[in-house]
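See structure below.
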Amino acid sequence: EDMIADIKSCNPKPALGHAKKEYAPAQPDIYIKRKTDSGFSVELNNAALPKVLVNKRYYEEVCGKASGKNDKQYMRSNLANANFLVRALDSRANTMVKTAAAIVKFQEEFFNHGIKYLKPLTLSQIAEEVGLHESTISRVTTGKYMQTPRGNFEMKYFFNSGVSNLGGEVASTSVKEIIKEMITSEDKSRPLSDDIIAKNLARKGVKISRRTVMKYREAAGIESSYERKKALFNLG
């Protein structure tokens with residue numbers, strides 16, 4: 001009976017506690033590197049791109065054997081399509097580099113100082129900066145990753161909604177990081193409630209509601225002040 005009771009006390013799904021978010025791929029699409037003097041350089045990872053070339057020698061060989069006008073027109077049409085594909089891939093790569101450079105320009109404080117300095121940023125701002133349509137920026141940043149001095153990030157990560165503060169706006173991601181830091185450094189015997197966190201943020205110039213604090217806290221996987229205190233009591 002003791003052995004059965006011991007087995008029943010075990011977690012039947014022990015791996016659930018080790019669930020992780022999807023990792024960025026090992027091979028990023030863009031490299032962001034710190035320059036020796038100041039600022040950052042943006043480099044395309046050519047190894048991550050598909051290598052598509054047009055074999056013109058083969059085209060000339062086959063085209064030379066074409067007997068009729070229609071056959072030659074067919075070959076010319078396919079050559080034009082192949083060249084268009086190569087140009088399109090090259091244009092997409094250039095657009096990715098321009099977009100990454102614009103992101104670095106807008107988010108330079110993040111790259112220099114960390115997540116709390118992430119600014120609100122929209123696709124339309126980047127589209128205006130690089131002179132392209134917003135939908136193009138959305139497509140070129142979807143599923144693409146940047147390797148930076150602060151780790152690997154999906155390009156979409158840098159687009160944030162804004163939260164009002166005394167100086168204008170601060171990125172919601174930055175506010176989430178501030179909340180995490182507050183909870184990490186709190187007195188464990190007197191954990192901060194969502195209402196107190198909202199008031200502390202207001203003193204820093206960031207005005208959000210208690211409900212928003214709760215939403216951000218839950219998104220970060222942090223329990224409520226009651227649950228945190230209860231866990232401390234159980235450990236004791």
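The values are calculated or read from the model by the stated rules, or taken from the named source; none is laboratory data. Just so we're clear, the structure is a prediction, and the values are computed from it rather than from any experiment. All Cβ positions, glycine included, derive from the backbone under ideal geometry; neighbour counts span all protein chains shown. Surface areas here come from the heavy atoms of the whole protein model, side chains and all, with no ligands, DNA or RNA. Shrake-Rupley method; radii C 1.70, N 1.55, O 1.52, S 1.80 Å.
Quick one: if you stick a label point 7 Å off each Cα along the C-beta vector at Lys116 and Lys156, how many nm between them?
About 2.9 nm, to one decimal.
Just the number: Rg to Rh for the chain, Cα atoms, Kirkwood Rh, two decimals. Mind dumping the intermediate values first?
Values: Rg = 26.6 Å, Rh = 22.5 Å.
That ratio is 1.18, to two decimals.
Probe radius 1.4 Å, ligands and nucleic acids ignored: give me the carbon and sulfur share of the accessible area of the stretch 181-236 as a rounded percent.
Roughly 53 percent, rounded to a whole number.
Longer than 24 Å from Cα to Cα, which of Lys33/Lys105; Lys116/Lys156; Lys144/Lys215; Lys105/Lys156; Lys35/Lys116; Lys33/Lys156 are they? Say none if no pair is.
In this structure, Lys144/Lys215 exceed 24 Å between Cα atoms.
Counting only the heavy atoms of the protein chains, how much of Arg150 is accessible to a 1.4 Å probe, in Å² to the nearest 10?
Ignoring ligands and nucleic acids, Arg150 comes out at about 100 Å².
Rounded, prolate or oblate: which fits the stretch 107-197 when a ≥ b ≥ c are the square roots of the eigenvalues of the alpha-carbon gyration tensor, with rounded for a/c under 1.5 and prolate only if a/b beats b/c?
Numbers: a/c = 2.71, a/b = 1.99, b/c = 1.36.
Since a/c reaches 1.5 and a/b is larger than b/c, the shape of the stretch 107-197 is classed as prolate.
Once the Cα gyration tensor of the stretch 1-141 is diagonalised, what are the square roots of 5 times its eigenvalues, in whole Å and ordered largest first, as equivalent ellipsoid semi-axes?
So the equivalent ellipsoid measures 48, 30, 15 Å along its semi-axes.
Got a sec? Charge dipole of the chain, +1 on Cβ for Lys and Arg, -1 for Asp and Glu; which of Val213, Asn81, Val97 is way out at the positive end?
With unit charges placed on the Cβ atoms, the residue in question is Asn81.
Mind putting a number on the dipole of the chain about its Cα centre? Charges go on the C-beta only, +1 for Lys and Arg and -1 for Asp and Glu, and I need it in Debye to the nearest 20.
Using only the charged Cβ atoms, the result is roughly 400 debye.
Place a +1 charge on the Cβ of each Lys and Arg in the stretch 176-219 and a -1 charge on the Cβ of each Asp and Glu, then give the dipole magnitude about the Cα centre in debye, rounded to the nearest 20.
Dipole about the Cα centre, nearest 20: 180 debye.
How much length is gained on full extension from Ala80 to Ser138, taking 0.36 nm per residue of separation minus their Cα-Cα distance? List each step's numbers first, then the result.
On the way: separation 58, 0.36 × 58 = 20.88 nm, distance 2.78 nm.
Extra length from Ala80 to Ser138 when fully extended: 18.1 nm.
What's the carbon and sulfur percent of the stretch 1-107's accessible surface, probe 1.4 angstrom, rounded to a whole number?
Carbon-and-sulfur percentage of accessible area, whole number: 54.
Under unit Cβ charges (Lys, Arg +1; Asp, Glu -1), what dipole magnitude, rounded to 20 debye, does the stretch 64-190 have relative to its Cα centre?
Roughly 780 debye for the stretch 64-190.
Please work out the average accessible area per residue across the stretch 26-68, using the 1.4 Å probe convention, and give it in Å².
It amounts to 75 Å² per residue over the stretch 26-68.
Could you work out [θ]222 nm for the chain from helices alone, using -39500 (n - 2.57) per DSSP H run of at least four and dividing by all its residues? Round to the nearest 500 deg cm²/dmol.
One gets -16000 deg cm²/dmol as the mean residue ellipticity at 222 nm.
For Asn160, what residues show an amide H to amide H distance below 5 Å, using hydrogens built from the backbone and excluding near sequence neighbours?
Under 5 Å from the amide H of Asn160 lie the amide H atoms of Leu121, each far enough along the sequence or on another chain.
Accessible area of Tyr74, 1.4 Å probe, to the nearest 10 Å²?
Surface accessible to solvent at Tyr74 totals approximately 140 Å².
For the chain, the longest stretch holding no GluC sites (Glu not before Pro) located in a DSSP loop with at most 12 other Cβ atoms within 10 Å is which?
23-236
Set the Förster radius R0 to 25 Å, insert the Cβ-Cβ distance between Ala220 and Cys10 as r into 1/(1 + (r/R0)^6), and round the FRET efficiency to 0.05. Present the calculation step by step, with values, prior to reporting the outcome.
Numbers: r = 28 Å, r/R0 = 1.13.
Efficiency for this residue pair is about 0.35.
With label points built 7 Å along Cα→Cβ from the Cα atoms of Leu232 and Lys35, find their separation and express it in nm.
Rounded to a tenth, the inter-label distance reads 4.8 nm.
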